[in-house]
Amino acid sequence: MSRRIHLGAHFPGVNATTVWRDPRAGSQVDFSSFTHLARTAERGLMDFFFLAEGLRLREQRGQIYDLDVVGRPDTLTVLNSLAAVTTHLGLAGTINATFNEPYELARQFASLDHLSGGRAAWNVVTSSDAFTGENFRRGGYLAHSERYARAREVVDVTREFWDSWSRDALVADPERGVFASSAGIGTVAHTGPQFDVRAPGLLPRSPQGHPVLFQAGDSDEGRQFGATYADAIFTMHGSLEAGQRFTADMRSRAVRAGRSGDDLRILPGATFVLGDTPEQARERAYEIRLQQVGPEQAVAFLEQVWGRDLTGLDPDGPLPEFDPDPASTIVQGRVKHAKDPVAVARGYRELAQARGFSVRELVIEVSGRQQFVGTPEQVAQEMDEYVQADACDGFILVPSLTPTGLDEFVDRVVPLLQERGSYRTAYSGSTLRDHLGLRHPHQHTAHRATA
């Protein structure tokens, strides 16, 4: 029997995967853009809609990085609005664990879970940089080494709030005049390094109990956090072999953390380009990459590695001969492309020399996310092979065009996956946990405060 393919739809931002200059590109702000992508994903029977979020506009050389501006409405506002125009689609949002409190996170995601009928998911991310922290009172005080320690405590306390109401606490008995049973509402009493909390949860237990947790960190500590806490892992491991290694590692870590390897869904981000013939698909893919990585983007990408002002560098010329500045701070608010920029630059030069790449051609080659390029039949077959070989459990699809970039996939690839017997032909459950085949969490009794 074939393993089931899980698919999510990522609402693309303005970045290196988006063709924002295309005349067909829509708004990043209008609600119609979000509804179009969400309804297309639901028409394609996908598991969830995924929305990323940043807490500050990024800067490069002291200026707003206008090649990667994400000026979207608040994530939870968008997801709660989408709950009203969809019926089955999961609603996953990226919310930072460093600059939010467990009580408000528990209330916000439990609210989304209630309003959507059990379709909420939280992508847990961390941030320790002072640049992002300048938006907040405590301003970047958190040491980089402590970001996951805080995240663990945030999730632990959030789960205690979700568990503070028993399943039968909401009585609503008009004859006895009892709306909620005090005996069924526990008080969360938590004292730890980050939080000192003493209060009951504000809402009854939501349909999923615990909204689904996503995690995307790939460091050793990030992997361990994901294996311990997450239900789904958003990864960037692209090749089949790399995916198999990552999936095996995460499942083994989950087992060592006292869970089952089947408690995790491994979902790499993936782009796709379709054509009526393989040649047409390859031509379209290259045209899209040229639009995604324009001359400005190519030079800016190298600046993020070199840590130097490369104004005047010819994007159609050779790479810089001088080495990067490892101590540079010209990039603020985005993950640097290289932990060891000197070594990465050396590798870039070797690749450019061997392949005859210009700056722009090199950036197109090294910055591309995993792509499925081919006819609909080829793409369906290759995606299926990844899942059947346990390189992943499915994919989070990142279309190149907002908001219509998913339409062609739903129309042309989804029916072929269904014909292969590895993709659903109808939703069989109502919650996101149902869609992902995840167990509902065991309810733990919240701590009772003592007088």
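The values are calculated or read from the model by the stated rules, or taken from the named source; none is laboratory data. This structure is a prediction, so every number in the text was calculated from the model and none was measured. When we count neighbours, we look across all protein chains shown, and the Cβ atoms used for this are built from the backbone with ideal geometry, even at glycine. Ligands, DNA and RNA are stripped out before the accessible areas are found, and what is left, the full protein with its side chains, is counted by its heavy atoms. Shrake-Rupley method; radii C 1.70, N 1.55, O 1.52, S 1.80 Å.
Pull up the range 170-223, narrow it to residues that are in contact with a Leu (Cβ under 6 Å, 6 or more places away or on another chain) and among the aliphatic types (A, V, I, L, M), then point me to the one that is most open to solvent (accessible area, probe 1.4 Å). Full working, then the answer.
Step one: list which residues in the range 170-223 are in contact with a Leu (Cβ under 6 Å, 6 or more places away or on another chain), which gives 180, 204, 212.
With among the aliphatic types (A, V, I, L, M) added as a condition, the list becomes 180, 212.
Details: A180: 34, V212: 0 Å².
Looking at residues that are in contact with a Leu (Cβ under 6 Å, 6 or more places away or on another chain) and among the aliphatic types (A, V, I, L, M), I get A180.
None of F322, F372 is over 28 Å from R56 (Cβ atoms), at pLDDT 90 or above, outside any helix (DSSP H, G or I) and open to solvent by less than 40 Å² (accessible area, probe 1.4 Å) except F372. Can you report the number of residues in the range 154-169 which are within 17 Å of L105 (Cα to Cα) and crowded, with 18+ Cβ neighbours inside 10 Å? Total satisfying the criteria: 11. Can you tell me which residues in the range 36-67 are among the hydroxyl-bearing types (S, T, Y) and either at pLDDT 90 or above or in contact with a Gly (Cβ under 7 Å, 6 or more places away or on another chain) (or both)? Hit for the range 36-67 is T40, nothing else. Restricted to strands (runs of 3 or more DSSP E) entirely inside the range 197-312, those with at least 3 residues that are in contact with an Asp or Glu (Cβ under 8 Å, 6 or more places away or on another chain), closer than 30 Å to D163 by Cα and not small (G, A, S) are 212-215, 265-274. Against the test of being touching a residue at least 60 places away in the same chain (Cβ under 8 Å), open to solvent by less than 10 Å² (accessible area, probe 1.4 Å) and within 26 Å of V373 (Cα to Cα), the options L290, L274 yield a single qualifying residue, L274. Checked against the criterion of being over 22 Å from the mean Cα position of the chain (by Cα), under 29 Å from F11 (Cβ atoms) and of a type in the set (G, A, S), the candidates G307, G294, G269, G317 yield just one match: G294.
Does H10 fit the bill of being farther than 28 Å from N135 by Cα and not charged (D, E, K, R)?
Working: farther than 28 Å from N135 by Cα: no; not charged (D, E, K, R): yes.
When the stated conditions are applied, H10 does not pass them.
Against the definition (closer than 16 Å to R152 by Cα, in contact (Cβ under 8 Å) with a residue 12 or more places away in the chain and open to solvent by 10 Å² or more (accessible area, probe 1.4 Å)), how does G238 come out, yes or no?
Numbers: closer than 16 Å to R152 by Cα: no; in contact (Cβ under 8 Å) with a residue 12 or more places away in the chain: yes; open to solvent by 10 Å² or more (accessible area, probe 1.4 Å): yes.
Taking the combined requirement at face value, the residue does not satisfy it.
A count restricted to the range 20-35 and to residues that are buried (at least 17 other Cβ atoms within 10 Å of the Cβ), among the hydrophobic types (A, V, I, L, M, F, W, C) and modelled with pLDDT of 85 or more stands at 2.
Can you tell me which residue is nearest to D156 (Cα to Cα) among those in the range 423-450 that are at pLDDT 95 or above and of a type in the set (V, I, T)? My answer is T431. Taking the numbered list (1) open to solvent by less than 10 Å² (accessible area, probe 1.4 Å); (2) in contact with a Phe, Trp or Tyr (Cβ under 8 Å, 6 or more places away or on another chain); (3) of a type in the set (A, V, I, L, M, F, W, C) in turn, L351 passes all entries but (1). Among all positions in the range 131-147, there is no residue which is within 26 Å of the chain's Cα centre (by Cα), open to solvent by less than 30 Å² (accessible area, probe 1.4 Å) and within 22 Å of A232 (Cβ to Cβ).
Taking E365 as meeting all but one of (1) within 16 Å of I5 (Cβ to Cβ); (2) in a helix (DSSP H, G or I); (3) out of contact with any Phe, Trp or Tyr (no Cβ under 6 Å at 6 or more places or on another chain), write down the number of the exception. For E365, the failing item is (1). Applying the criterion of being in a loop (DSSP other than H, G, I, E, B), open to solvent by less than 10 Å² (accessible area, probe 1.4 Å) and modelled with pLDDT of 95 or more to the residues of the range 400-422, the residue that is farthest from A270 (Cα to Cα) is S422.
Looking across the range 66-83, just one residue is over 19 Å from the mean Cα position of the chain (by Cα) and free of Cβ contacts under 8 Å to residues at least 24 places away in the same chain, and that is D66.
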